[in-house]
Amino acid sequence: MREPMCPTHIAVFTMLCTQSYVSCRASPNSRVCLSPNRWVIKVYSEDNTSRAIEVPCDITARDICQLFILKNHCIDDHSWTLFEQLSQLGIERTIEDHESVMEVQSAWDVDADNRLYFRKNYAKYEFFKKPLDFFPDHMVSTSNETNGIMNHSQLIQTFLSSSTCPEIHGYLHAKESGKKCWKKFYFVLRRSGLYYSNKGMSKEPRHLQFIAEFSDSDVYTLLSARKTQGAPTDYGFCIKPNKSSSPRDLKLLCADEEHIRTCWVTAIRLFKYGMQLYQNFIQPHQKQRASPMRSISENSLVAMDFSGHKSRVIENPSEALSVAVEEGLSWRRKSCHRLSSHGSPSASQSPVSNLAIHRAQPWFHSKLSRDEAHRLIAEQGLIDGVFLLRDSQSNPKTFVLSLCHAQRIKHFQILPVEDEGELFFSLDEGHTRFSDLIQLVEFYQLNRGILPCRLKHPCTRIAL
């Protein structure tokens with residue numbers, strides 16, 4: 001259920017649906033002032049298509065996402081996110097749902113090529129659901145001020161409560177200001193700010209050197225840490241003052257692994273925004289509970305069996321489900337038959353005879369390379385179950401399933417299996433067979449099978 005919008009933003013959405021594209025070419029930072037209360041901003045999608053829209057000056061990131069969700073008929077699963085990308089600095093960050101978009105853009109330099117991106121981020125609030133996946137045991141403790149042992153099952157509450165003082169600690173690489181070299185230090189993150197120790201792993205006040213606090217700074221990830229900053233790994237992030245766009249003011253850091261960077265970045269977000277982040281997380285769910293998901297007409301629908309002389313209501317849920325599955329499979333078989341009878345290659349001639357069936361699916365990305373698949377999944381959130389399917393680059397007759405598990409991306413080859421003139425697809429050398437890729441995806445969305453986890457979150461891209 002989509003969120004209700006205030007009257008002002010309903011009017012904005014009406015304008016978005018009816019207006020033609022607005023040119024923003026006169027403004028390098030994609031913002032044009034129409035009046036003190038009206039602005040035109042440009043928003044980009046992952047394929048770099050863009051849309052310029054007129055918005056009120058108080059519009060938030062969540063409002064912008066809702067506009068594009070409605071305009072593009074997207075499924076509102078609360079993962080759509082607005083990103084701020086500062087191209088000249090090579091950094092980007094999630095704009096939190098409550099943030100004012102105009103305030104974010106007001107800090108941009110006029111001649112800078114900065115952009116707003118609209119795309120999915122499944123990991124945006126995942127730490128509220130599975131905190132232990134985001135905060136490794138060896139990196140989290142209570143600070144000396146609490147003089148206690150933190151219970152990890154209550155980790156999020158510890159972060160949200162202003163009366164407690166959780167602490168993140170561990171080694172990071174830091175780039176010295178004005179130099180090209182990186183050095184490894186032991187860092188400590190507390191409510192008061194980020195520190196590094198000048199004596200091993202000591203946390204004594206005389207050994208901790210202050211780096212930054214977050215009331216007037218934000219945390220960004222580096223887009224290409226190795227290439228642009230000479231970092232030892234690609235898991236870079238930085239602290240940037242809100243009122244400065246100078247590279248010299250960036251506090252550049254780098255983790256050895258992705259999950260370590262995720263821990264630091266997530267903790268900084270929690271320290272900076274606290275309870276506001278939790279409110280952002282629960283707000284859509286509260287509105288869903290207040291508004292029923294299904295209409296009266298939908299609630300009155302029943303499963304019917306018309307196979308006999310008389311129709312009957314199917315009251316057994318298991319029987320209704322099996323009938324629905326059988327009807328779906330029957331439809332696909334008929335679709336394949338129609339494709340073959342109208343000149344398309346038969347199953348025995350080509351493993352891609354069902355192109356019309358899976359190519360329209362949001363999780364299928366055709367000619368996507370392994371590196372591009374890795375980048376797309378990483379951008380949309382490294383949480384369990386984020387996936388996509390693509391053509392194999394090494395073998396044109398096969399497909400590849402790219403899946404995220406434990407913040408790592410793995411690739412599984414989908415092989416064609418021929419049996420008595422019929423073509424099937426399989427992930428396990430023919431032990432489990434599927435007549436098309438849709439059937440395969442639906443099976444692994446319900447069953448883990450040979451995979452490390454079920455398919456949960458499809459990687460999708462839309463054109464604005």
Listed peptides 357-363, 204-210, 85-91 by packing density, highest first (mean Cβ within 10 Å): 85-91, 357-363, 204-210
How many nm is it between the label spots at Lys397 and Ala112, if each spot is 7 Å from the Cα in line with the beta carbon? 5.3
Determine ³J(HN,Hα), in whole Hz, for all residues of the range 276-283 in sequence, where each value follows from phi through the Karplus function 6.51 cos²θ - 1.76 cosθ + 1.60 and θ = phi - 60°; x replaces Gly and Pro. 4, 4, 5, 4, 4, 5, 8, 4
Cα-projected label distance for His431 with His98, points at 7 Å along beta-carbon direction, nm: 5.0
Protein chains only, probe 1.4 Å: how do Trp182, Trp264 rank by accessible area, largest first? Trp182, Trp264
Full-stretch length increase - Ala360, Glu315 - with 0.36 nm per residue and alpha-carbon distance subtracted: 12.8 nm
Of the accessible area of the range 122-238, with the probe set at 1.4 angstrom, what percent is carbon plus sulfur? 49
Projected area, mean over directions - the range 170-277, Cα convex hull, nm²: 6.9
Averaged over all viewing directions, the convex hull of the alpha carbons in the range 86-147 casts a projected area in nm² of 7.2
Between Asn198 and Lys130, how high is the FRET efficiency from 1/(1 + (r/R0)^6) when r is the Cβ-Cβ distance and R₀ = 41 Å? Nearest 0.05. 0.70
Taking the convex hull of the alpha-carbon atoms of the range 371-415 and averaging its shadow over every direction gives an area in square nanometres of 2.8
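Could you work out the per residue convex hull volume over the alpha carbons of the range 209-265, in cubic angstrom?
92
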Of the GluC sites (Glu not before Pro) in the range 56-165, those whose Cβ has at most 12 other Cβ within 10 Å and which sit in DSSP loop: Glu145
Take the Cα coordinates of the range 348-464, assign each an equal point scatterer, and use the Debye formula without solvent to give log10 I(q)/I(0) at q = 0.17 Å⁻¹. -0.79
The answer for the range 410-457, accessible area per residue at 1.4 Å probe in Å², is 53
Just need the Rg to Rh number for the range 38-179, please, alpha carbons only, Kirkwood Rh. 1.05
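The values are calculated or read from the model by the stated rules, or taken from the named source; none is laboratory data. As the structure is a prediction and not an experimental result, all values here were calculated from the model. Reconstructed Cβ throughout: ideal geometry from the backbone, glycine too, with neighbour counts over all protein chains shown. All accessible areas refer to the heavy atoms of the entire protein, side chains included, with ligands and DNA or RNA removed. Shrake-Rupley method; radii C 1.70, N 1.55, O 1.52, S 1.80 Å.
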